[in-house]
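To start, the structure itself, in structure tokens.
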């Protein structure tokens with residue numbers, strides 16, 4: 001049974017981001033699955049459904065408009081964020097969810113089956129050890145705390161014409177000194193997330 005207030009919150013958030021609110025029910029289905037599994041597997045520290053919608057779903061959806069390309073890998077995806085959100089918003093995308101935690105990838109495979117998300121692939125592996133047959137248009141993460149470490153570990157997954165995205169908080173780090181990792185910062189975007197007072201930054205890197 002879908003809570004009307006939660007559905008309204010989700011729909012309003014999507015509309016404020018100029019996204020299709022017809023995805024509301026499917027995104028809520030994911031939130032309910034996350035809440036249910038969280039009780040046993042501790043997938044996220046956030047327990048409140050309203051906060052899950054704002055801090056996980058709407059926050060993830062806020063960067064969707066900046067993606068370029070069809071193949072995306074979500075590094076350290078945890079509970080599937082932001083990758084599953086992208087997969088629901090656009091079934092034409094091909095999303096790989098990468099995490100080394102077996103409990104979390106077990107949850108992701110359950111979500112994949114339960115929600116019939118044919119456009120996602122779940123991989124349980126450490127990022128530096130993962131060697132896919134083809135590289136990706138988009139490498140993204142909101143889990144890494146330090147940009148240099150992220151680029152050095154995940155850069156090999158990015159195609160020559162691809163881009164690496166880092167979802168960050170407002171604090172400016174040393175991300176401009178990334179040439180030693182073979183990348184250059186091409187965009188530093190300040191993002192307003194609906195219902196959230198804190199600012200978000202999206203860093204976008206090209207390969208040198």
If I filter the stretch 43-55 for residues that are surrounded by fewer than 14 Cβ atoms within 10 Å (Cβ to Cβ), within 26 Å of residue 149 (Cα to Cα) and either free of Cβ contacts under 8 Å to residues at least 40 places away in the same chain or in contact with a helix residue (DSSP H, G or I) (Cβ under 7 Å, 6 or more places away or on another chain) (or both), do I get at least one hit?
yes
So residue 110 ticks every box in (1) in contact (Cβ under 8 Å) with a residue 60 or more places away in the chain; (2) surrounded by 20 or more Cβ atoms within 10 Å (Cβ to Cβ); (3) not in a strand (DSSP E or B) but one. Which box is left unticked?
(2)
Here are the criteria: (1) modelled with pLDDT under 95; (2) closer than 15 Å to residue 88 by Cβ. Tell me which single one residue 22 does not satisfy.
(1)
Is it the case that residue 137 is at pLDDT 95 or above, closer than 22 Å to residue 204 by Cβ and surrounded by fewer than 17 Cβ atoms within 10 Å (Cβ to Cβ)?
no
Identify the residue in the stretch 176-196 that is in a loop (DSSP other than H, G, I, E, B) and either at pLDDT 95 or above or within 20 Å of the chain's Cα centre (by Cα) (or both) and, among all such residues, is surrounded by the fewest Cβ atoms within 10 Å (Cβ to Cβ).
192
One residue is enough: does the stretch 153-168 have a residue meeting the conditions more than 21 Å from residue 68 (Cα to Cα) and exposed (fewer than 12 other Cβ atoms within 10 Å of the Cβ)?
no
I'd like the full set of residues that are crowded, with 16+ Cβ neighbours inside 10 Å and more than 16 Å from residue 57 (Cα to Cα), limited to the stretch 78-94.
93, 94
May I ask you to say which residue of 73, 84, 43 is closer than 28 Å to residue 128 by Cβ and part of a helix (DSSP H, G or I)?
84
Please verify whether the stretch 25-37 includes one or more residues that are on the phi < 0 side of the Ramachandran plot, in a loop (DSSP other than H, G, I, E, B) and surrounded by 19 or more Cβ atoms within 10 Å (Cβ to Cβ).
no
Where a residue in the stretch 3-19 is on the phi < 0 side of the Ramachandran plot and without any contact (Cβ under 8 Å) to a residue 12 or more places away in the chain and its partner, wherever it lies, is part of a helix (DSSP H, G or I) and buried (at least 20 other Cβ atoms within 10 Å of the Cβ), with Cβ under 9 Å and at least six apart
8/24
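The values are calculated or read from the model by the stated rules, or taken from the named source; none is laboratory data. Everything numeric here is computed off the predicted structure, so don't read it as measured data. A quick note on method: Cβ atoms are made from the backbone with ideal geometry, for glycine too, and the neighbour counts reach across all protein chains shown.
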